[in-house]
2 protein chains.
Amino acid sequence: MQFLLEVVEILTNYVRKTFDRSTKVLDFHHPHQLLEGMEGFNLELCDQPESLEQILVDCRDTLKYGVRTGHPRFFNQLSSGLDIIGLAGEWLTSTANTNMFTYEIAPVFVLMEKLTLKKMREIIGWPNGEGDGIFSPGGAISNMYSVMVARYKHYPEVKIKGMAAVPRLVLFTSEHSHYSIKKASAVLGFGTENLILLRTDERGRVIPADLEAKVIDAKQKGFVPMFVNATAGSTVYGAFDPINEIADICEKYNLWLHVDGAWGGGLLMSRKHRHKLDGIERANSVTWNPHKMMGVPLQCSAILVREKGLLQGCNSMCAGYLFQPDKQYDVTYDTGDKAIQCGRHVDIFKFWLMWKSKGTIGFERHIDRCLELSEYLYHKIKNREGYEMVFQGEPQHTNVCFWYIPPSLRLLPDGEEKRQRLHKVAPKIKAMMMECGTTMVGYQPQGEKVNFFRMVVSNAAVTRSDIDFLIDEIERLAQDL
Amino acid sequence: MQFLLEVVEILTNYVRKTFDRSTKVLDFHHPHQLLEGMEGFNLELCDQPESLEQILVDCRDTLKYGVRTGHPRFFNQLSSGLDIIGLAGEWLTSTANTNMFTYEIAPVFVLMEKLTLKKMREIIGWPNGEGDGIFSPGGAISNMYSVMVARYKHYPEVKIKGMAAVPRLVLFTSEHSHYSIKKASAVLGFGTENLILLRTDERGRVIPADLEAKVIDAKQKGFVPMFVNATAGSTVYGAFDPINEIADICEKYNLWLHVDGAWGGGLLMSRKHRHKLDGIERANSVTWNPHKMMGVPLQCSAILVREKGLLQGCNSMCAGYLFQPDKQYDVTYDTGDKAIQCGRHVDIFKFWLMWKSKGTIGFERHIDRCLELSEYLYHKIKNREGYEMVFQGEPQHTNVCFWYIPPSLRLLPDGEEKRQRLHKVAPKIKAMMMECGTTMVGYQPQGEKVNFFRMVVSNAAVTRSDIDFLIDEIERLAQDL
């Protein structure tokens, strides 16, 4: 117990320093350096036990050589920040060390999940919050659930007979959508070639006419269109597909409409921004990750389904050793037979506790504030020398995508050479950032576009000064490129 | 920060009480009771924030109305116990709040995972610990990985073309195996009817001759046998399938051999018991959950694959925004493209820390001790009045399966009436246990066998006195049945 309190001391120091801007975001080392062993820190496992003193050193070193994802200058991932209430919730969850599969061993958590999912469905706009849902290990699995449930709704016989029993089914999603839809099509046995990619406008939003044309084309080829994914907040551009227009087409052709709001779902909490998801109440299923825009610790992802009973029908195997029908309580509260997992981690408590603590209006404020910071960045750089925006106009989400063009490249004529050189700029700046440990921000190419920075804000600790710092730091690091 | 320390106070009190046998295992309430709201504890979420004082009350109440899975008299699940080092590891993990997909944001954890998986493969017996693996969100997902990887190895075209491109593939597993194999066959598009169940002996172990007969039969019907699951430690009986004999058949017919050691894998750490898994080094893949027999906090499950590159080949989608090839470090350390998830929780640290702290020999001692306690229980009840063993002979794992026959049933002649009445005994005793809150143990029917208790031990805090208590308590509760 004394040991546990010493670990708490290490952890609270870590948390304090994380919010201190004079602390580095990371202390970068290459894999071979860490593998060879830093002074006093050896990753190898042994037959014999180590002393508790050494274990405390190991805890300190693990944090020392890691990355402070809660630091106000860590912008590298959609999930960032370190909410203290959420953290306390996670600590309690680990201490309770239980499993979501039955009410029997997780009565409080199972009910919290049930109530929270209902609240989320109300916010989506489904009548009386009716429907179903489950927390899953991340947005990719939530998206996979949506494809599975759609398949079960249209072809329940697949569960028993497999994909051989059905016609050639095709799925639709945009070029800008998350790769998990493609993963699901491989995993579930559709095949990635049966996932048809939709064209987007310059801002990364699906062109509905392209969806309809491709649905018609697929039908003419004898394929059976079944599922459409609309993205609410794409990973790179933060684009929101026009859900209402897509829903019209889905209704016309009897297609399952899934909205991947893993990143953008949080905007539903904001009266100012939720119009970007107009039409989401027409979706058959929705992915929404509170661990992204809502600042909940990792991980916390929900799949919500409008029709009740489908999750259970799709996944139920009625294992007698776990889901005994003759228990003394109402076993409809057991959640395990809805899941593709057996044991399931308690992801709900931290989220429930944060919601209690902030209230719905607290999440709204957080989201509005992050979007304001992104607007600030956008206005700061859109006409600044050396910057070029990847797409024009105000971002829809906190994603601000831009190239930084170092002085040496500014006078080059547009063309392949400039493209090639520009492609190398973001990786170089990023590498220097990591070596210096001052900040982190993501970059990637997209289609024909060479590597650019994708800035996102989801951490409540970020201020305008951190945005200013990022820009100064990019310019400082890139001066000799 | 003060708030966090107050939560720590609540948690450390909870931990202390959990190990105190005068504390109840649970304070049972029905769902409607908790939903209506206990005094001062309301699960509903509101628009407005709650005070920090109320949040602390909510934390206390969440624990109060939950189940103490670390209590030495909680025998309800394969995962039990509350290891303090493991708990500290989970608290650190939550504080680091990062994601396993890239080395970039989880350098230390990614390397710990890599080294620990290698160590596990060495223990399995694969040459030099070569191969691959990943920690996944539970044994069901690990088993699903095995089927996916087997399919990719035999028919890589499925990834692109889907299940329509392959012949009718069949899978084999025993009647006693975990239901996740059936789930995987539904999810992945094989269909549950293409999962062929194998007969077992009286102890729940696969009969190899039945496997060979069913493989031949399937081939004669024109189906293509592809995958065999052998269970090392079945959920109910704790049975170990004869891996070597199954491996002979798999080699003969070119079938993928998976060993589901979710529950029994831990025995590999024991020089005394690892012979029960003889032949595991011939498997193509292995599921092994340290969160079960090794007492690691939930969750911690590994899928290990003998052939390198298959996980990556099977699941890789090369998302440009996450797995940039032009990073400054060796990107082969990024693990995300091996996974079906995108974000992945850090499950490794608590396990690594426990291994450091106990050493391999510490795990061995823990496992040997749990098995000794089960032997103690077995010998205590096998000839005791009122007990009947579900299968004869010493259990292979810690699972002891038995009926308790209350005095009123003992004189009844064998037959349907006795069966029907006996079927109701375990649920009644279990309900009373939960109402009293004194202990918890699982029950279930199996095939033709009516409800019986399945006792398991995986908690390091259990002593012989707790086993004695369980037996006394069953007899006390059942006296008037």
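The values are calculated or read from the model by the stated rules, or taken from the named source; none is laboratory data. In this text, all values refer to a predicted model and were calculated from it rather than measured experimentally. Please note: Cβ atoms are built from the backbone with ideal geometry, for glycine as well, and neighbour counts cover all protein chains shown.
Is it the case, given these coordinates, that A:Val450 is without any contact (Cβ under 8 Å) to a residue 60 or more places away in the chain, within 12 Å of another protein chain (Cβ to nearest Cβ), out of contact with any strand residue (DSSP E or B) (no Cβ under 6 Å at 6 or more places or on another chain) and not in a helix (DSSP H, G or I)?
Judged against the criteria, A:Val450 is a match.
Taking the condition touching a residue at least 60 places away in the same chain (Cβ under 8 Å), outside any strand (DSSP E or B) and more than 20 Å from the chain's Cα centre (by Cα), does B:Gly359 pass? Write out each step before concluding.
Details: touching a residue at least 60 places away in the same chain (Cβ under 8 Å): no; outside any strand (DSSP E or B): yes; more than 20 Å from the chain's Cα centre (by Cα): yes.
Judged against the criteria, B:Gly359 is not a match.
Can you tell me which residue within the range A:117-139, out of those that are over 22 Å from the mean Cα position of the chain (by Cα) and in a helix (DSSP H, G or I), is farthest from the other protein chains (Cβ to nearest Cβ)?
A:Pro127
Every residue in the range B:48-71 that is surrounded by fewer than 24 Cβ atoms within 10 Å (Cβ to Cβ) and assigned to a loop (DSSP other than H, G, I, E, B), please.
Matches in the range B:48-71: B:Gln48, B:Pro49, B:Glu50, B:Ser51, B:Tyr65, B:Gly66.
Go through the range B:136-164 and report how many residues are of a type in the set (Phe, Trp, Tyr) and either surrounded by fewer than 24 Cβ atoms within 10 Å (Cβ to Cβ) or over 28 Å from B:Val346 (Cβ atoms) (or both). Lay out the reasoning, then the answer.
First pass over the range B:136-164, keeping only residues of a type in the set (Phe, Trp, Tyr): B:145, B:152, B:155.
Narrowing further to those that are either surrounded by fewer than 24 Cβ atoms within 10 Å (Cβ to Cβ) or over 28 Å from B:Val346 (Cβ atoms) (or both): B:152, B:155.
So the count comes out to 2.
Do we find a residue being at positive phi and of a type in the set (Gly, Ala, Ser) anywhere in the range A:411-420?
There is at least one residue in the range A:411-420 that is at positive phi and of a type in the set (Gly, Ala, Ser).
Look through the range B:187-208, keep the residues that are free of Cβ contacts under 8 Å to residues at least 12 places away in the same chain and under 24 Å from B:Val390 (Cβ atoms), and return whichever of them is farthest from the other protein chains (Cβ to nearest Cβ). Give the steps one after another, and end with the answer.
The first filter runs over the range B:187-208 and keeps only residues free of Cβ contacts under 8 Å to residues at least 12 places away in the same chain, leaving B:191-193, B:201, B:207.
Pick out the ones that are also under 24 Å from B:Val390 (Cβ atoms) and you get B:201, B:207.
On the way: B:Asp201: 19, B:Ile207: 21 Å.
Here the answer is B:Ile207.
Please specify each residue of the range A:44-74 satisfying the condition of being within 9 Å of another protein chain (Cβ to nearest Cβ), more than 30 Å from A:Val456 (Cβ to Cβ) and in contact with a Gly (Cβ under 7 Å, 6 or more places away or on another chain).
Correct list: A:Cys46, A:Asp47, A:Gln48, A:Pro49.
Would you check if A:Asp368 is within 30 Å of B:Ile55 (Cβ to Cβ), out of contact with any Phe, Trp or Tyr (no Cβ under 8 Å at 6 or more places or on another chain) and not hydroxyl-bearing (Ser, Thr, Tyr)?
yes
Here's the yes/no breakdown for (1) more than 20 Å from A:Arg271 (Cβ to Cβ); (2) aromatic (Phe, Trp, Tyr):
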position	(1), (2)
A:Gln324	yes, no
A:Thr360	no, no
A:Leu377	yes, no
A:Arg384	yes, no
A:Gln396	no, no
A:Phe402	yes, yes
A:Pro413	yes, no
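Quick check on my filter: what residues within the range B:459-472 are assigned to a loop (DSSP other than H, G, I, E, B) and either of a type outside the set (Gly, Ala, Ser) or buried (at least 23 other Cβ atoms within 10 Å of the Cβ) (or both)?
B:Asn459, B:Val462, B:Thr463
Take B:Asp27 and tell me if it is touching a helix residue (DSSP H, G or I) at 6+ places or on another chain (Cβ under 9 Å) and at pLDDT 95 or above.
yes
Residues checked against (1) part of a helix (DSSP H, G or I); (2) closer than 24 Å to A:Gly233 by Cα:
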site: A:Ile141; (1), (2): yes, yes
site: A:Tyr145; (1), (2): yes, yes
site: A:Val149; (1), (2): yes, yes
site: A:Lys153; (1), (2): yes, no
site: A:Lys159; (1), (2): yes, no
site: A:Ala164; (1), (2): yes, no
site: A:Ser185; (1), (2): yes, yes
site: A:Phe190; (1), (2): no, no
site: A:Glu193; (1), (2): yes, no
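In the range A:406-423, what count of residues is obtained for those that are assigned to a loop (DSSP other than H, G, I, E, B) and either touching a strand residue (DSSP E or B) at 6+ places or on another chain (Cβ under 6 Å) or touching a residue at least 60 places away in the same chain (Cβ under 8 Å) (or both)?
Summing the residues that are assigned to a loop (DSSP other than H, G, I, E, B) and either touching a strand residue (DSSP E or B) at 6+ places or on another chain (Cβ under 6 Å) or touching a residue at least 60 places away in the same chain (Cβ under 8 Å) (or both) in the range A:406-423 gives 1.
For every residue, the table says whether it meets (1) touching an Asp or Glu at 6+ places or on another chain (Cβ under 6 Å); (2) on the phi > 0 side of the Ramachandran plot.
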site: A:Gly189; (1), (2): no, yes
site: A:Leu197; (1), (2): yes, no
site: A:Val206; (1), (2): yes, no
site: A:Lys214; (1), (2): no, no
site: A:Thr231; (1), (2): yes, no
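Of all residues being under 18 Å from A:Ala461 (Cα atoms) and not polar (S, T, N, Q) in the range A:356-367, which is farthest from the other protein chains (Cβ to nearest Cβ)? Just the residue, please. If you could, list the steps in order and put the result at the bottom.
The first filter runs over the range A:356-367 and keeps only residues under 18 Å from A:Ala461 (Cα atoms), leaving A:357-358, A:361-367.
Now narrow it down to the ones that are not polar (S, T, N, Q): A:358, A:361-367.
Working: A:Lys358: 5, A:Ile361: 6, A:Gly362: 6, A:Phe363: 10, A:Glu364: 9, A:Arg365: 10, A:His366: 12, A:Ile367: 14 Å.
Looking at the filtered set, the residue picked out is A:Ile367.
Here are some residues: B:Val15, B:Val25. Which one is within 8 Å of chain A (Cβ to nearest Cβ), under 27 Å from A:Val8 (Cβ atoms), touching a residue at least 12 places away in the same chain (Cβ under 8 Å) and not small (Gly, Ala, Ser)?
On inspection, the qualifying residue turns out to be B:Val15.
Which of (1) buried (at least 24 other Cβ atoms within 10 Å of the Cβ); (2) aromatic (Phe, Trp, Tyr); (3) more than 24 Å from A:Val25 (Cβ to Cβ) is the odd one out, the single condition B:Trp126 does not satisfy?
(1)
Among A:Cys59, A:Cys46, which is the only one that is closer than 30 Å to A:Lys430 by Cβ and over 26 Å from the mean Cα position of the chain (by Cα)?
Details: A:Cys46 fails: closer than 30 Å to A:Lys430 by Cβ.
None of the others qualify; the one that does is A:Cys59.
Just the residues that are assigned to a loop (DSSP other than H, G, I, E, B) and either more than 7 Å from chain B (Cβ to nearest Cβ) or touching a strand residue (DSSP E or B) at 6+ places or on another chain (Cβ under 8 Å) (or both), please, taken from the range A:80-116. Quick ask: steps written out before the conclusion?
From the range A:80-116, those assigned to a loop (DSSP other than H, G, I, E, B) are A:80-83, A:97-106; that's our starting set.
Hits for the range A:80-116 are A:Ser80, A:Gly81, A:Asp83, A:Thr98, A:Met100, A:Phe101, A:Thr102, A:Glu104, A:Ile105, A:Ala106.
Taking the range B:217-235 on its own, how many of its residues are in contact with a strand residue (DSSP E or B) (Cβ under 8 Å, 6 or more places away or on another chain) and of a type in the set (D, E, K, R)?
Selection size over the range B:217-235: 1.
Quick one: would you say A:Glu388 is charged (D, E, K, R) and either over 30 Å from A:Asp468 (Cα atoms) or out of contact with any strand residue (DSSP E or B) (no Cβ under 6 Å at 6 or more places or on another chain) (or both)?
no
Quickly run through the range A:30-44 and pick out the residues that are touching a residue at least 12 places away in the same chain (Cβ under 8 Å), buried (at least 16 other Cβ atoms within 10 Å of the Cβ) and not in a strand (DSSP E or B).
Listed by number, the list holds a single entry, A:Leu34.
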